[in-house]
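The values are calculated or read from the model by the stated rules, or taken from the named source; none is laboratory data. Every value quoted in this text rests on a predicted model; they were computed, and no experiment measured them. No Cβ is skipped: glycine too gets one built from the backbone with ideal geometry, and neighbour counts run over all protein chains shown. All accessible areas refer to the heavy atoms of the entire protein, side chains included, with ligands and DNA or RNA removed. Shrake-Rupley method; radii C 1.70, N 1.55, O 1.52, S 1.80 Å.
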Amino acid sequence: MPDPLDPFGFEEESQSEPIDDEERAALLDDLADLAEFREALEPRGFRGVVIPCPDCEEDHFFSWSLLRENLEHILERGEPRVHEPAFEPDVDRYVPWDYARGFVDGLLEGERETSTLRDGWTSPVEASRRLRRALATRGLTEDEVTAVLNEGGLPLADPGDRGPS
């Protein structure tokens, strides 16, 4: 029996409702977006994403890897981890999710202007992201999806891709 005084003891024991296909697809999209954000912004000195928390009404500063791990945890367990705000984060090194999305969209638009990819696909990373989502929603495991992307010579850009360190 878990220790009732341990605030993390019940987390491992609790049985949450499994997420539905729509939620799973949204989480996979977020993981793919996060990998793109990290690839584009980390080399420019950004450490992660800032997300306003509706529960505690504070901004939460997530490093790239911490947010990826949290999203993966939701995929596996169906619920988020207990979270605490970062201790004295360098707020200038974190970007809001919408800013990151706009920045990456701008980069992709620039690639589109010089790219010869067909059907409106803007880059191999975008193609990989779309293919990963389509295969995952059809029930392929992460390992199977990775194998398909490798066979096709596409960048992995997967939820487990940690990007540059």
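Structure notes:
- Every residue from segment 61-102 that is touching a residue at least 40 places away in the same chain (Cβ under 8 Å), in contact with a Pro (Cβ under 6 Å, 6 or more places away or on another chain) and hydrophobic (A, V, I, L, M, F, W, C): 74
- Being at pLDDT below 80, in contact with a Pro (Cβ under 6 Å, 6 or more places away or on another chain) and of a type in the set (Gly, Ala, Ser) holds for only one residue in 123, 128, 165, 115, and it is 128.
- Search result, residues across segment 35-83 that are surrounded by 13 or more Cβ atoms within 10 Å (Cβ to Cβ) and of a type in the set (A, V, I, L, M): 35, 40, 41, 49, 50, 51, 66, 67, 71, 74, 75
- The set of residues in segment 134-149 that are assigned to a helix (DSSP H, G or I) and loosely packed, with under 11 Cβ neighbours inside 10 Å contains only 143.
- Residues being modelled with pLDDT under 75, assigned to a loop (DSSP other than H, G, I, E, B) and open to solvent by less than 80 Å² (accessible area, probe 1.4 Å) - total across segment 84-112: 2
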